[in-house]
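Before any comments, here is the structure.
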Amino acid sequence: MTVNLRVACPSDQDENLSRIDKMTAAKHETYVECVGDSLTEGWVNVSTMRPYTLTLSNLLNSQSAPAQQFIVENHGVSGERLAEIRIRLLQIMHWGAQLNLPIVWIVLGGANDMAYASDDSMHEDLKVIVNDLRNYVRLHGGRCYFMTLLQKGNEKLNQSQRAKRELFNQRIIEQCNAAGFQVIHLDNYIPYPSFGGSPANWANDGVHLSEAGYKLMGTTIFNAIKGDLL
């Protein structure tokens, strides 16, 4: 499938483009908006942030055509739940809609809902977010990618938490399949050590990734989307 990135096509002769649209088109800019919680923010510990977006931006821009620029923006906020993530998504959508930008969306959320929200509540919040993004892509173009939730260090002892995460990941897959969005199975690429993963990729808290883990996360996302964008 071809990416619908009108702003990246200088041959677009639509006289109705705004001045900002024309400037953006001339620069061949593609906006990649990465939204989520502390795993998007790149939280390693209280003094260290190493977001995957650094690696993703470097890979996209080092392997793209000379005239093409990917602007990768990080909207990760530690502690945010799905409903809060949606509020920020809507703010970015409002900005993008004003410029008619066909944005590439990368979303990871739900980890902070696991301890507080019911399965049904998480599912409803997910459906609303997917629907918002589907409407945006339908009106303005672009693509959307959702990531599955990673395992946590306590899941070997807490089977109910594992079952809840696996159910939510399945609902991510179902909702994205229905919307035509791609799912990046992050839990398969960066498993927790007790599930066969490398301890070097994980921080000591059993929840967040290490600097090496975030680099692997960025590389994993790049490998999943490069065929669509490059």
Check your understanding: Roughly how tilted is helix 119-140, in degrees to the nearest 10 and between 0 and 90, from the longest Cα axis of the chain?
Key -> 10
Revision key, fill the gap. Quick numbers on the range 112-189, Rg and Dmax over C-alpha atoms in Å, give 13.5, 46
Point to revise | Helix 52-63 vs. the chain, principal-axis angle (Cα, 0 to 90°, nearest 10) | key: 40
Check your understanding: How big is the gap, in Å, between the Cα center of the range 139-161 and the Cα center of the range 55-97?
Key -> 18
**Study point:** Degrees separating the helix 159-179 axis from the principal Cα axis of the chain, which is the longest one
**Key:** 20
Check your understanding: Suppose R0 equals 45 Å; then what is the FRET efficiency for LEU139 and ALA115 from their Cβ-Cβ distance, rounded to the nearest 0.05?
Key -> 0.80
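Counting DSSP beta bridges with both partners in the chain, what percentage is antiparallel, nearest 5?
Values: 3 of 23 bridges.
Rounded to the nearest five, the antiparallel share is 15 percent.
If R₀ is 41 angstrom, what is the calculated FRET efficiency for the pair ASN223 and VAL128, using the beta carbon separation as r and rounding to 0.05? Can you show the working numbers first?
Numbers: r = 29 Å, r/R0 = 0.71.
Plugging the Cβ-Cβ distance into 1/(1 + (r/R0)^6) gives 0.90.
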Study note, to complete from the structure: Over the Cα atoms of the chain the radius of gyration and the largest Cα-Cα distance (Dmax), both in Å, equal 17.8, 62
Revision key, fill the gap. Projected onto the charge dipole of the chain (unit charges on the beta-carbon of Lys, Arg, Asp and Glu, signs +1, +1, -1, -1), the Cα from GLN175, ASN100, PRO51 with the largest positive-side position is that of PRO51
**Study point:** Radius 14 Å from Cβ of ALA163, net charge of other residues (Lys, Arg +1; Asp, Glu -1)
**Key:** +2
Point to revise | Total charge dipole magnitude, the chain, about the Cα centre, Cβ charges on Lys, Arg, Asp, Glu only, Debye to nearest 20 | key: 280
Check your understanding: Which net charge results when you count Lys and Arg as +1 and Asp and Glu as -1 among the other residues whose beta-carbon is under 14 Å from that of PRO191?
Key -> +1
Exercise for review: Please state the charge dipole magnitude for the range 154-202, taken about the Cα centre, from unit charges on C-beta atoms (+1 on K and R, -1 on D and E), reported in debye and rounded to the nearest 20.
Suggested key: 140
**Study point:** Net length gained if the chain between ASN45 and ASN58 were fully extended (0.36 nm per residue, minus Cα distance)
**Key:** 2.4 nm
Check your understanding: Which Cα, out of GLY109, ASN61, MET147, lies furthest along the positive dipole direction of the range 23-180 (beta carbon charges, K/R +1, D/E -1)?
Key -> ASN61
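Per DSSP helix of 4 or more residues, -39500 (n - 2.57); summed, then divided by the residues of the chain. What does that give at 222 nm, rounded to the nearest 500? Before the final figure, lay out the partial values.
Numbers: 8 runs with 109 residues, N = 230.
Value at 222 nm, helices only, nearest 500: -15000 deg cm²/dmol.
Coordinate-derived values only; no laboratory data. These numbers come from a predicted model, not from an experiment. In this analysis, Cβ positions are derived from the backbone assuming ideal geometry, glycine residues included, and neighbour counts consider all displayed protein chains.
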